[in-house]
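Everything below concerns the one structure shown next.
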Amino acid sequence: MPESQSDERKRRYRKRRAAGRMVLGVETGAEHVDMLVRSEWLPRRDVYSRGEIKAALQAMIDDAAKK
């Protein structure tokens, strides 16, 4: 039987928790996107998808954590 969406969510949550990771909701605005562009985490364009912004923020945080 295929896994339900709820079961899939629970599985991902448990996997993250076991790895010591978590998902946080972060409010962002144009000033944050501008900072990501200025610091070259995003290319200079007029429009970005939520996925692109999320990926750029994650990459920036990962990079900062390595330093």
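What to note about this one:
- Within region 37-58, being charged (D, E, K, R) and part of a helix (DSSP H, G or I) holds for Arg38, Arg50, Glu52, Lys54.
- Of the residues making up region 13-22, just one is among the basic types (Lys, Arg) and either touching a residue at least 12 places away in the same chain (Cβ under 8 Å) or surrounded by 11 or more Cβ atoms within 10 Å (Cβ to Cβ) (or both), namely Arg16.
- Every pair of residues 6+ apart whose Cβ atoms lie under 6 Å, when the first sits in region 39-66 and is touching a residue at least 40 places away in the same chain (Cβ under 8 Å) while the second is exposed (fewer than 11 other Cβ atoms within 10 Å of the Cβ) and not hydrophobic (A, V, I, L, M, F, W, C): none
- Those residues of region 41-57 which are surrounded by fewer than 10 Cβ atoms within 10 Å (Cβ to Cβ) and more than 13 Å from the chain's Cα centre (by Cα), in sequence order: Arg44, Arg45, Asp46, Val47
- Failed criterion for Met22 (all others in (1) of a type in the set (A, V, I, L, M, F, W, C); (2) in contact with a Leu (Cβ under 6 Å, 6 or more places away or on another chain); (3) at pLDDT below 95 hold): (2)
- Unique match (being surrounded by 10 or more Cβ atoms within 10 Å (Cβ to Cβ), more than 20 Å from Asp62 (Cβ to Cβ), of a type outside the set (Ser, Thr, Tyr) and in contact with a helix residue (DSSP H, G or I) (Cβ under 9 Å, 6 or more places away or on another chain)) among Glu8, Glu3: Glu3
- Exactly one residue among Gly29, Gly25 is exposed (fewer than 10 other Cβ atoms within 10 Å of the Cβ) and within 13 Å of the chain's Cα centre (by Cα), and that residue is Gly25.
The values are calculated or read from the model by the stated rules, or taken from the named source; none is laboratory data. Owing to the predicted nature of the structure, the values given are computational and were not obtained by experimental measurement. Cβ coordinates were reconstructed from backbone atoms using ideal geometry, including for glycine residues, and neighbour counts include every protein chain displayed.
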